[in-house]
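**Student:** Pasting a structure below so you can have a look.
The values are calculated or read from the model by the stated rules, or taken from the named source; none is laboratory data. Predicted, not measured: the structure shown is a model, and the values here were computed from it. Note that we place each Cβ from the backbone using ideal geometry, even for glycine, and neighbour counts take in every protein chain shown. Side chains included, ligands, DNA and RNA excluded: accessible areas come from the protein's heavy atoms. Shrake-Rupley method; radii C 1.70, N 1.55, O 1.52, S 1.80 Å.
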Amino acid sequence: MHEGHAVEFHALLWAAGWLVAVLVLFGIALRLPLATGLGAVGSRLYAAGCILAGLGVWVLANVALVLNDTHIDVTREKVYTPSATAMAVVDELKAPVRITYFYRSQDPIGQRARSILEVMGRRNPLLTVVTVDPDKQPELARREGVRLYNAAIVEAAGRRVLIQGTDEAEIAIGIQRVLRTRSLTVCFLEGHGEFSMDGFEFHTHLEGAADHSHGEASSHIIETAGHGVGRLRRVLEAQGYATRKLVLATAGAVPGDCTVLIAANPRTTFLPAESAALRSYLAGGGNVLLMLDLGFVPEAGLSRLLSDLGAELEQQVVVDPLSHYHRDAEMVAVTGYDPHPITRTLSLTFFPGIRPLTLIRPPAGVEVTPILQSSRDSYARPVAPAEARTTEGSAAASGQVAPQVADVRPRVLGIAAEGTLAPGAPPFRAVVIGDGDFASNSFLPYMSNSDLLVAAVRWLAREDQGTAVRTRIPVPPMILLTAAQSRWIFIVIVVLLPLTVIGIGSLVWWLRR
């Protein structure tokens, strides 16, 4: 099985060939004469020759079948089939990897994980899978230091990673981690009211249940301690990245071991020295993810750096009447993406209160690609800078109806830039997005928001060549719909279905009157 759980037809042809060989062998056996007239010795040689020929065909057919094994999962949910991404990770193997999985044979969940790992092991000869029941082989479990069921030890080139769980996606990530030959550290910038990497508070934003907004009206709030990015931190750690905090004002410079620097929704302006340190980091081949919403006003040095990255922050909020989340037109939903390694596996992402970016010509050596855009019906509404607003003024503005704007067109919401800031300098990579709320605990798990962030970090860390495996985030059971989907459900259930019943009733009455 592979993409979309499609059957490998070439393997099925081998299975069909095996069946044909067995049927042919059976048919020949029925037609072979029992009496040959060759005498006793000749008859024995004839019988021995028939037996050897039959065994030879049988052995060759079974060898061909084993070497071209296929897996058919007849369950509706494909319970015993590895995910397409897990199989893609196995297909990409170029070095030997060994997985030792410890399970309890009486546990159906453990048995399922064992079956899935065995399917993955048959996929690529470079992957060796050994399954062990610690109750039956306790000495092996003690030697490996495993004391729990449903644990996998992934080994490659003297490195090993312990994975606890039955999810093949986690084991696929473990394979990627053990093959990684360098340590990767993601540094979360703090000191400007950013979302904290230690904050895990979240709320679900069920329609009518939220007591505050994440649109333009919320951008005047400076203290955002209740909206951390702890979930993002956990997702990145599950991918094998180390994480740490960085207060640039006290550090003076971005440490060299920071593979990727993330600024998640800063609320106060950088100091000139901090902007200079950020420029030096990029000039030295650094990688940054900047999520800068309307509550952030860049100082002159940072504005010049953003210009060198090919973008300028607009003091406007994007309103998208066509594509948005629920009924809030300022929660812009993006369903189509420009081609880029970051966006190749994305479906739908949404951004509460996002500001547009204006593309400008970058200096020589820097290449800029827009990766996020609003729909063709979107427009931008000017918003006063944060330092010029008050809580009362913002609250009043939030109740006003947005004026009609003639400039209706797609707006760039995020860009990816790479290149060099000076001749002979190492290449940098940068991603700039005009919103940070989409990365917070409250919005990260939904739609493809987490996929976007993981893909962005993988691209910044130069790991975008391999398959990105989604890390599951536990969330309350919910069904989230866009405004268009909600509108169609309303039309079908509330309008069309009752009218259909009335119409059928009227037709029956008319025919029987």
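**Student:** If amide H atoms are built 1.01 Å from N in the plane of the peptide, which residues on other chains or at least 5 residues away come under 5 Å of the amide H of Val366?
**Tutor:** The answer is Thr420.
**Student:** How would you order 79-88, 336-345, 260-269 from highest to lowest mean count of nearby Cβ atoms within 10 Å?
**Tutor:** Ranked by mean Cβ neighbours within 10 Å, highest first: 260-269, 79-88, 336-345.
**Student:** Taking a 1.4 Å probe, which of Asp107, Asp320, Asp257 shows the most accessible area, and what order do the others take after it?
**Tutor:** The most accessible residue leads, giving Asp257, Asp107, Asp320.
**Student:** Amide H neighbours of His324 under 5 Å, at least 5 residues apart or on other chains, H built in the peptide plane: list them.
**Tutor:** Amide H neighbours of His324: Ala333, Ala483, Ala484.
**Student:** Could you state how much accessible area Val501 has, in square angstrom rounded to the nearest 10, with a 1.4 Å probe and all protein chains kept in place?
**Tutor:** Ignoring ligands and nucleic acids, Val501 comes out at about 100 Å².
**Student:** Compare Ser442, Ser280 by solvent-accessible area with a 1.4 Å probe and give them largest first, with all protein chains kept in place. List each step's numbers first, then the result.
**Tutor:** Numbers: Ser442 5, Ser280 80 Å².
Putting Ser442, Ser280 in descending order of accessible area: Ser280, Ser442.
**Student:** While we're here: Would you rank Lys136, Lys94 by solvent-accessible area, highest first, keeping every protein chain in place and using a 1.4 Å probe?
**Tutor:** Details: Lys136 145, Lys94 180 Å².
Most to least solvent-accessible, the answer reads Lys94, Lys136.
**Student:** How much solvent-accessible surface does Ser375 expose, in Å² to the nearest 10, with a 1.4 Å probe and all protein chains in place?
**Tutor:** 20 Å²
**Student:** List, in order, the whole-Hz ³J(HN,Hα) value for each residue of region 152-160 obtained from phi through the Karplus relation with A = 6.51, B = -1.76, C = 1.60 and θ = phi - 60°; use x for Gly and Pro.
**Tutor:** Once θ is set to phi - 60°, the couplings for region 152-160 become 10, 9, 9, 10, 6, 6, x, 9, 9 Hz.
**Student:** Right, something else. Report Arg114's accessible area, 1.4 Å probe, all protein chains in place, as a number in Å² to the nearest 10.
**Tutor:** The accessible area of Arg114 comes to roughly 70 Å².
**Student:** Something else now. What's the Kirkwood radius of region 222-273 in Å, using all Cα pairs? Walk me through the numbers on the way to the answer.
**Tutor:** Details: mean 1/r = 0.0773 Å⁻¹.
12.9 Å is the Kirkwood radius here.
**Student:** Spelling out what I want: for every residue of region 361-371, take phi, set θ = phi - 60°, compute 6.51 cos²θ - 1.76 cosθ + 1.60 (Karplus), and round to whole Hz; glycine and proline get x.
**Tutor:** Residue by residue, region 361-371 yields 6, x, x, 4, x, 10, 10, 10, 10, x, 10 Hz.
**Student:** Amide H of Val130 versus every other amide H placed in the peptide plane: which residues, excluding those fewer than 5 positions away on the same chain, fall under 5 Å?
**Tutor:** Amide H to amide H, under 5 Å and 5 or more residues apart or across chains, Val130 pairs with Ile99, Thr100, Tyr101.
**Student:** Once phi is turned into ³J(HN,Hα) by the Karplus curve 6.51 cos²θ - 1.76 cosθ + 1.60 with θ = phi - 60°, what whole-Hz value does each residue of region 330-338 show in order, with x for glycine and proline?
**Tutor:** 8, 8, 5, 9, 10, 10, x, 9, 6
**Student:** Quick one: if the Förster radius is 51 Å, what FRET efficiency do Ala95 and Ser43 give, using the C-beta to C-beta distance and rounding to 0.05?
**Tutor:** Numbers: r = 57 Å, r/R0 = 1.12.
The pair Ala95/Ser43 has a calculated efficiency of 0.35.
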